[in-house]
1. I need every pair where a residue in segment A:183-199 that is over 8 Å from A:Glu421 (Cβ atoms) has its Cβ under 6 Å from the Cβ of a residue that is outside any helix (DSSP H, G or I), sequence separation at least 6 or different chains.
2. Can you tell me which residues in segment A:363-412 are at pLDDT below 75, within 28 Å of the chain's Cα centre (by Cα) and of a type in the set (A, V, I, L, M, F, W, C)?
3. Does A:Trp253 satisfy the criteria of being of a type in the set (Phe, Trp, Tyr), over 21 Å from the mean Cα position of the chain (by Cα) and surrounded by 19 or more Cβ atoms within 10 Å (Cβ to Cβ)?
4. Of the residues in segment A:271-308, how many are closer than 21 Å to A:Leu330 by Cβ and among the β-branched types (Val, Ile, Thr)?
5. Which members of segment A:5-22 meet the condition of being within 14 Å of DNA strand B (Cβ to nearest atom) and either of a type in the set (S, T, N, Q) or not in a helix (DSSP H, G or I) (or both)?
6. Kindly indicate the residue of segment A:256-274 that is under 23 Å from the mean Cα position of the chain (by Cα) and in a helix (DSSP H, G or I) and also surrounded by the most Cβ atoms within 10 Å (Cβ to Cβ) among those meeting that condition.
7. Please enumerate the residues belonging to segment A:131-146 that are touching a Lys or Arg at 6+ places or on another chain (Cβ under 9 Å) and either part of a helix (DSSP H, G or I) or surrounded by 12 or more Cβ atoms within 10 Å (Cβ to Cβ) (or both).
8. What number of residues within segment A:31-60 are at pLDDT 85 or above, surrounded by 16 or more Cβ atoms within 10 Å (Cβ to Cβ), assigned to a helix (DSSP H, G or I) and more than 12 Å from DNA strand B (Cβ to nearest atom)?
Amino acid sequence: MFNSSLRPGRLAFPFALKSAAALSHPSLAFSLHAAASKVSLDLDSFVRTSLADMYVKLGFLDCALKVFDETPDSHRAGNVLLWNVVLNGLCRDGDVERARELFDVMPERSVASWNSLVHGLLKRGDLDGAVELFEGMPERNVVSWTTMVAGLSRNGDNQRAVWMFDRMLENEVRGNEFTVAAALSACARMGALESGLRVHEYALANGFRENGAVGTALVDMYSKCGKIECASEVFDRMERRDVLTWTAMIMGWAIHGHWRKAFQCFEDMKCARVKPDDGVFLAVLMACVHSGKVEKGLELFDSMRFDYQIEPTMKHYTCIVDLFGRAGRLQEALEFMKAMPVEPDFVLWGALFSACRAHKNIEMAELAAENLLRLKPSHSGGYVFLSNMYSSARRWDDAEKVRITMKDQSVGKSPGWSYIEIRGQTHCFYAGDRSHPQSNEIHNKLEGLVLRAKEQGYEPDRECVLHDIEDEDKEDSLECHSEKLALAFGLISTADGEEIRIVKNLKVCGDCHSLMKVASLICGREIVLRDNKRFHHFNSGVCSCGDYW
DNA sequence: TTCGCACAAT
């Protein structure tokens, strides 16, 4: 081709370069670039853009920047495309400062230029910066809105993410599959069923049912909103399911405590010839953790390594330690940790610590706490853990020492909170919270409930006091755990017999768990509580977790 | 003839 007198390169090069990128073929990329230079076609505007784009896609940002830098200003000025390629490359690489500099001097900007920078800011967690830029955009398209919904949600601001979705619709911008999947994910993360249902309706009305990402997001949304049967229905109706879909379903069964269903689903997946990955193994292992199936979990762990050649990650190791730990087999948990080929991280020591606390093994707890503090001296978790541990053992002096150390180092604790969605509105409560407008009513309701519960044999459990607060007045504080406030608010805000759904950011304490059980009985209500690990469905005085959590 | 932006599980 290069020897031909026709020199068709000008038209052919962009396509050839695109292919080199698609094939992830660096040597082809370099020789094409050399060939283009030889016939001076690398000066062509179209070819330059394709070259830069190819290098970005292959991960050679330096080469893309070189192409850009060597382009004369006169050529750079009507070519927004070349600027966008480089801008996006910098954002993806995490170099937002340089992206911003480039953005500021661009001769012309398209919506995509703005979108790229907004995405870059969101990716590094600069929510305020992203929102400011977004609000100042001269024009927004569906990608702009989707970027915000997804980015806010991934950074934990799910309420604002759903609000963005609603605002998009108010602005009469039509969402697509990407937008809907992102919005559903935000609803899932915060357990907002009413919002999730609304997005589901929108998806149906717009014909997004066939989309795989939307389907998976729906399964996940229903599962995380406590509606595991609905998740299962959506799952059954799906025509195509990839490994992510199966994982969402298996994880759903796992967090709701249906281990048989989780195992069956895993078998069905293998029969459907979907190749298991590390994530789906994590989901089935989670089913074992929540149901105390230790031997089954170990069997799966071995199968993963030997039958599927999947290398365990720290999360898998944590699952196994959790599995032993919750079952009270602490020595085996510790031995497993010692035999691991990698050093245990903070989360893993945390799992061991929780197990030690639950099974009252102070010596091992001290070992775990030492490591927690060593790995993250500024993290409050280690201190809170240790202080709680000593309190449980009635070693008040030691507990006090830890708390003083904590104050000296001005370590802040992450507070416990719970929320409840009432008619599409989310109400959040902190431990001992009195800021809600109906606070008096809520506290009165709670007092009455506790009195009636005591008649039914409920006894406040003092050991849970320091779970997420540091109040001295124990009995009082116990009644103020955030999930209890959410429950009381739920009881006065919904009709008799209506189900109550609460989401909590920490593991539910033993005392609240007991009260919820009794409350479900005396109020004749199903109470669905999602804590940071799993679901508890309280019904007629019994919890679906079988008191194993 | 070139580009660009956003989605689902752990």
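1. A:Gly196/A:Cys225
2. A:Val384, A:Phe385, A:Leu386, A:Val411 - these are the residues of segment A:363-412 that are at pLDDT below 75, within 28 Å of the chain's Cα centre (by Cα) and of a type in the set (A, V, I, L, M, F, W, C).
3. Against the criterion (of a type in the set (Phe, Trp, Tyr), over 21 Å from the mean Cα position of the chain (by Cα) and surrounded by 19 or more Cβ atoms within 10 Å (Cβ to Cβ)), A:Trp253 does not qualify.
4. 2
5. Filtering segment A:5-22 down to residues within 14 Å of DNA strand B (Cβ to nearest atom) leaves A:7-22.
Matches in segment A:5-22: A:Arg7, A:Pro8, A:Ser19.
6. A:Ala262
7. A:Val131, A:Phe134, A:Val142, A:Trp145
8. 3
The values are calculated or read from the model by the stated rules, or taken from the named source; none is laboratory data. This one's a predicted model, so the numbers in the text were calculated from it and none came from an experiment. Quick reminder, even Gly has a Cβ in these numbers, built from the backbone with ideal geometry, and neighbours come from all protein chains shown.
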